[in-house]
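Contents: one structure, followed by commentary.
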Protein chains: 4
Amino acid sequence: MKWSCLFTIEQDLDLDERAGFEVGGVRIGGKEPIIIAGPCTVESEEQTMSVARAVKAAGVRILRGGAFKPRTSPYSFQGLGEEGLRILKTARDETGLLVQTEVMDTSQIDLVCKYADILQVGTRNMMNYSLLKALGKVGFPVMLKRGFMATVEELLLAAEYITKGGNEQLFVCERGIRSFDDSTRFTLDLTAVPLIKKMSSLPIIIDPSHATGRADLIIPMSLAGLAAGADGVMVEVHPYPKKAMCDGLQSLSLDMFEEFMGKVRSMISFLASQKREE
Amino acid sequence: MKWSCLFTIEQDLDLDERAGFEVGGVRIGGKEPIIIAGPCTVESEEQTMSVARAVKAAGVRILRGGAFKPRTSPYSFQGLGEEGLRILKTARDETGLLVQTEVMDTSQIDLVCKYADILQVGTRNMMNYSLLKALGKVGFPVMLKRGFMATVEELLLAAEYITKGGNEQLFVCERGIRSFDDSTRFTLDLTAVPLIKKMSSLPIIIDPSHATGRADLIIPMSLAGLAAGADGVMVEVHPYPKKAMCDGLQSLSLDMFEEFMGKVRSMISFLASQKREE
Amino acid sequence: MKWSCLFTIEQDLDLDERAGFEVGGVRIGGKEPIIIAGPCTVESEEQTMSVARAVKAAGVRILRGGAFKPRTSPYSFQGLGEEGLRILKTARDETGLLVQTEVMDTSQIDLVCKYADILQVGTRNMMNYSLLKALGKVGFPVMLKRGFMATVEELLLAAEYITKGGNEQLFVCERGIRSFDDSTRFTLDLTAVPLIKKMSSLPIIIDPSHATGRADLIIPMSLAGLAAGADGVMVEVHPYPKKAMCDGLQSLSLDMFEEFMGKVRSMISFLASQKREE
Amino acid sequence: MKWSCLFTIEQDLDLDERAGFEVGGVRIGGKEPIIIAGPCTVESEEQTMSVARAVKAAGVRILRGGAFKPRTSPYSFQGLGEEGLRILKTARDETGLLVQTEVMDTSQIDLVCKYADILQVGTRNMMNYSLLKALGKVGFPVMLKRGFMATVEELLLAAEYITKGGNEQLFVCERGIRSFDDSTRFTLDLTAVPLIKKMSSLPIIIDPSHATGRADLIIPMSLAGLAAGADGVMVEVHPYPKKAMCDGLQSLSLDMFEEFMGKVRSMISFLASQKREE
């Protein structure tokens, strides 16, 4: 069988030839890891603009933010929907940031494509194969999150649903898996990073915010993910984490985000210098 | 908060008052457990009719069969689609069996409703909240399978998405969860049966075929499930399991199905006699 | 390789020839399932005698009770030690019940053998291979609990450590495994029951008290375990569960124990009648 | 309650004051991470000396090697026992390396203490509380491996068994936990590293060899572990991995070990430079 994004055993990929792909001037899966940052949920224009300006000022190029939110309980806040998309568009227009947001269902694809630069498939939809098939036909970059109970192989096969359809602007995201230990919200499976690089041509980033569920663990786990070879880090930032409508405990405040950027930048520079020496 | 299908701690449900609901003359969640049987996948009219006649002759009232199949790999057989639905309709018309089949996406609901009596949400879509919301607005009975990565609480909250929308013709299905042990395909969590009965008004059945992945474990686990209080058992039956296009190892042959029905009927009679004595 | 208690694929065991073994007049693994009951921990002579008399009166033949307790925290009650063993001996002498109690370490074996009829290896010691090897050389029956993190295969290989040493008076106990779902204390893996019967000659019982952690789930799960083919059930009983020093939530009160025995006896009779008909 | 090695919420530990402890001139838990290397199992004097000389030449100070091996099957090689300890002693005498080896049972403690500098408790014995209590009374440093099914809290409580007894020369090791995904042998839980540093005063190292089970993943995961803040890395090295009696797939060859040391040293220098800047 010929895979579209997975390697056969015979392939001998020259890792230096991985080029990734470009979205609005940002290369994903290239030499330099990317940072994606923003609020878990778009709550208001004020909140979103405040975060957008801060992450822009820090040098980030991609803003994340949820308008459609898959929530465990039907009684939890479900996101602002199209109103949230409009707010993201406003942030995009003002700051020049690329916008990444979630699409939950085939029926939402057209709408989300009007506002977003990158479509996100959430962990709970990684095995929503109808959605994946439809995204294979869309001319938009997609970030596919690993299901929190999906094996690495299942993630790669889910990715194949999209690339097989013709959409090769795809990257995946390790965001923690479920285990018996509830010390942290999920168990960040960093070994998936080098493993996926050995098994496929896909760029892979990590999401330590959802994985750990704790703001105070995000910096060490981001540095660890980059050291393991990740192509980027996605983090949640909120101007007032304690007032967040969703996932406040895991959101970086603007101050913590500044510290995060400093340390992450040093690690990225160090890793680049190591590669040059090789 | 007032739940639609979950109990509050204050509620003191008289278990004898659980009535369940009726679909085409079959009561689900009533005094007598139900049997749902049929092939994993509709492969051909011949295969489906052969199973339909056999399960009908054995006294079964509901036929299961997949036309849209969520498969881990995009290169696996994805089901016959509408052609499969038409075959199920033929079996329904000839045998009088009710037909239960999977709907994978909001865009398929109207189509599937033309052919089926009961809509099934598969394990990989238990957290597809767009689909659940849409099913809350449909005047059709729904069977919601527990996600293999979902806690009992998450299953019940997913059920709330449907009942909150106004659709109270809902029952759930325990079909095995993932664990570290791969001795069987999944780990059948029978404790979920009495637990869900304590926490909600929902009927719950079990699916030992997908849970164990082995035909030779289906009879003992079905008897165990009924003894734990399940409202029914769903099993896969295939005229030639070794030739099945999907999940052959876990399908009962027609002979094994006969043995299954005999033992299950005895257990049901015994449990009914116990209840009368109470 | 020739296993001592595991079956090779070639073996064609006539299940009716399983005979089990006898301990002090009680056959374990024979035609009739056994009930083992008693307090989690021996707390005092009064508490132990109260339970011993009640379970004896109900027809139970084996009393369980812990004197050496493996506790997660060093600050939790660690058991009465030899004093607890003496209390168990008193109960044995007065009631004629056989006594089963845990041995945690090779250095305790001689001491425990002075007081007990059956030695128990706890879930946390299933992979304590030094202990297992030593128990292979002891002329005492052993009950080996499945580690809550052990696969069925690992349990059977641990059993081999004992039977290979020459001690064939061995039975195993499914007591719940760890999973991502904390709805119950552990996930009772009842499928292990028919699976172990297919893979080995070992009798297997279940422990729904530790598996579920909830007294109100013990009756349905005991009935389910017997229906799955278990050779027995072990339950915790306490005169005043709310005052128990350990695991009170999962202990049956004396009243609940009476209800338990009535339902369990009916199920055992039903299953025996089914076997006779075959 | 006053813990011996765990922090209370009130404690406000100045992380710079962590000093660790010294064993034979090597500081564990100090400013510089340590490397522990050696064969999984002592197979012969030739094999052990070959690895010992290579790791010594590379600057390593602690040699690991198993003489008593806890194996899942009683038919697998169980280690050379005391003969293996003697070989380790020979390597110690010739190279000046400190020797770390496993003790499986209370009855082996005296013997192992005659030959080793650091006693290791294996993952399968993390809840062998009799062994932990005995090690609390021994004047030897101990490395306690996390059970592959133990929560972080359970690991720390197990550590308390040792420190409470008076032995404060203790460090712990994250070596991978069990999950549903068998892409790698275990799931390396690197988040445990910063978490344990927040919760206790214990040094923590990682063992990527056992966690991943694959030699080609050891370098990226070692770098990731150090970036997450680990106090050291333990790896398996074998002169001829394909001929290893145990765990050959995860052993670094001597060539790979050289590459490993180069990259690990660069990361350690980088991290030290970062700390100085703070």
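The values are calculated or read from the model by the stated rules, or taken from the named source; none is laboratory data. This is a predicted model, so every value here is computed, not measured. So basically every Cβ, Gly included, is an ideal-geometry build from the backbone, and we count neighbours across all protein chains shown. Accessible surface is based on the protein model in full, side chains and every heavy atom, while ligands, DNA and RNA are left aside. Shrake-Rupley method; radii C 1.70, N 1.55, O 1.52, S 1.80 Å.
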(request) Kindly establish whether residue C:112 is open to solvent by 10 Å² or more (accessible area, probe 1.4 Å) and more than 21 Å from residue C:222 (Cα to Cα). (result) no
(request) Give the residue, chosen from A:150, A:91, that is surrounded by 22 or more Cβ atoms within 10 Å (Cβ to Cβ) and either assigned to a helix (DSSP H, G or I) or among the basic types (Lys, Arg) (or both). (result) A:91
(message) Within region A:158-191, take every residue that is under 14 Å from the mean Cα position of the chain (by Cα) and part of a strand (DSSP E or B) and give me the one that is surrounded by the fewest Cβ atoms within 10 Å (Cβ to Cβ).
(response) A:171
(request) Assess whether residue C:48 counts as being in a helix (DSSP H, G or I), within 18 Å of the chain's Cα centre (by Cα) and buried (at least 18 other Cβ atoms within 10 Å of the Cβ). (result) yes
(request) Go through (1) at positive phi; (2) open to solvent by 40 Å² or more (accessible area, probe 1.4 Å) one by one and return the number of the condition residue A:213 breaks. (result) (2)
(message) Report every pair of residues separated by at least 6 positions or lying on different chains whose Cβ atoms are under 8 Å apart, first residue within region A:54-78 and within 14 Å of chain B (Cβ to nearest Cβ) and more than 21 Å from residue A:264 (Cα to Cα), second part of a helix (DSSP H, G or I) and of a type in the set (Asp, Glu).
(response) A:67/A:82; A:67/A:83; A:72/B:154; A:73/B:160; A:74/B:160; A:75/B:160
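Can you go through A:203, A:194 and tell me which one is within 16 Å of the chain's Cα centre (by Cα) and either at pLDDT 95 or above or polar (S, T, N, Q) (or both)?
A:203
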(request) Can you work out which of the residues in region D:224-251 that are within 16 Å of the chain's Cα centre (by Cα) and without any contact (Cβ under 8 Å) to a residue 60 or more places away in the chain is least open to solvent (accessible area, probe 1.4 Å)? (result) D:225
(message) Being at pLDDT 95 or above, in contact with a Phe, Trp or Tyr (Cβ under 8 Å, 6 or more places away or on another chain) and more than 11 Å from chain B (Cβ to nearest Cβ) is the requirement here; does residue C:268 meet it?
(response) no
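Could you tell me which residue of region B:206-227 is modelled with the lowest pLDDT, considering only residues that are charged (D, E, K, R) and outside any helix (DSSP H, G or I)?
If we filter region B:206-227 for residues that are charged (D, E, K, R), which is where we start, we get B:207, B:214, B:216.
Then keep just the ones that are outside any helix (DSSP H, G or I); that gives B:207, B:214.
Details: B:207: 98, B:214: 95.
Among residues in region B:206-227 that are charged (D, E, K, R) and outside any helix (DSSP H, G or I), the one modelled with the lowest pLDDT is B:214.
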(message) Suppose we filter region B:30-43 for residues that are out of contact with any helix residue (DSSP H, G or I) (no Cβ under 7 Å at 6 or more places or on another chain) and open to solvent by less than 10 Å² (accessible area, probe 1.4 Å); how many remain?
(response) 3
(message) Exactly one of these conditions fails for residue C:183: (1) in contact (Cβ under 8 Å) with a residue 24 or more places away in the chain; (2) within 14 Å of another protein chain (Cβ to nearest Cβ); (3) not aromatic (Phe, Trp, Tyr). Give me its number.
(response) (1)
(request) Please work out which one of (1) open to solvent by 20 Å² or more (accessible area, probe 1.4 Å); (2) in contact (Cβ under 8 Å) with a residue 12 or more places away in the chain; (3) of a type outside the set (S, T, N, Q) is the condition residue A:155 fails and give its number. (result) (1)
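Here's the yes/no breakdown for (1) in contact with a Phe, Trp or Tyr (Cβ under 8 Å, 6 or more places away or on another chain); (2) charged (D, E, K, R); (3) closer than 18 Å to residue B:149 by Cα:
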position	(1), (2), (3)
B:162	no, no, no
B:192	no, no, yes
B:197	no, yes, no
B:200	yes, no, no
B:204	yes, no, yes
B:226	no, no, no
B:230	no, no, no
(request) Give just the number: which of (1) open to solvent by 30 Å² or more (accessible area, probe 1.4 Å); (2) in contact with a His (Cβ under 7 Å, 6 or more places away or on another chain) does residue C:27 not satisfy? (result) (2)
(request) Please enumerate the residues belonging to region B:252-265 that are touching a residue at least 24 places away in the same chain (Cβ under 8 Å), within 14 Å of another protein chain (Cβ to nearest Cβ) and over 19 Å from the mean Cα position of the chain (by Cα). (result) B:259, B:263
(message) Quick check on region D:58-78. Is at least one of its residues assigned to a helix (DSSP H, G or I) and under 20 Å from residue D:24 (Cβ atoms)?
(response) no
(message) Let me spell it out: the conditions are (1) facing chain D (nearest Cβ under 10 Å); (2) free of Cβ contacts under 8 Å to residues at least 24 places away in the same chain; (3) not aliphatic (A, V, I, L, M), and residue C:93 meets all of them except one. Which number is the exception?
(response) (1)
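Do we find a residue being within 14 Å of chain D (Cβ to nearest Cβ), out of contact with any helix residue (DSSP H, G or I) (no Cβ under 7 Å at 6 or more places or on another chain) and part of a helix (DSSP H, G or I) anywhere in region C:135-146?
First pass over region C:135-146, keeping only residues within 14 Å of chain D (Cβ to nearest Cβ): C:135-137, C:144-146.
Within this subset, residues satisfying the condition of being out of contact with any helix residue (DSSP H, G or I) (no Cβ under 7 Å at 6 or more places or on another chain) are C:137.
After this cut, where a residue has to be part of a helix (DSSP H, G or I) as well, the list is none.
For region C:135-146, residues within 14 Å of chain D (Cβ to nearest Cβ), out of contact with any helix residue (DSSP H, G or I) (no Cβ under 7 Å at 6 or more places or on another chain) and part of a helix (DSSP H, G or I): absent.
If you take the residues in region A:115-131 that are more than 11 Å from residue A:103 (Cβ to Cβ) and within 11 Å of chain B (Cβ to nearest Cβ), which one is most open to solvent (accessible area, probe 1.4 Å)? Full working, then the answer.
Kept after step one, since they are more than 11 Å from residue A:103 (Cβ to Cβ), are these residues of region A:115-131: A:117, A:123-124, A:126-127, A:129-130.
Pick out the ones that are also within 11 Å of chain B (Cβ to nearest Cβ) and you get A:123-124, A:126-127, A:129-130.
Values: A:123: 15, A:124: 46, A:126: 2, A:127: 19, A:129: 1, A:130: 19 Å².
Only one residue tops the list, namely A:124.
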(request) Please state which one of D:55, D:103 is within 14 Å of the chain's Cα centre (by Cα) and hydrophobic (A, V, I, L, M, F, W, C). (result) D:103
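So, residue A:100, is that one buried (at least 19 other Cβ atoms within 10 Å of the Cβ), at pLDDT 95 or above and part of a helix (DSSP H, G or I) or not? Talk me through it step by step, then tell me what you get.
Values: buried (at least 19 other Cβ atoms within 10 Å of the Cβ): yes; at pLDDT 95 or above: yes; part of a helix (DSSP H, G or I): no.
No, not satisfied.
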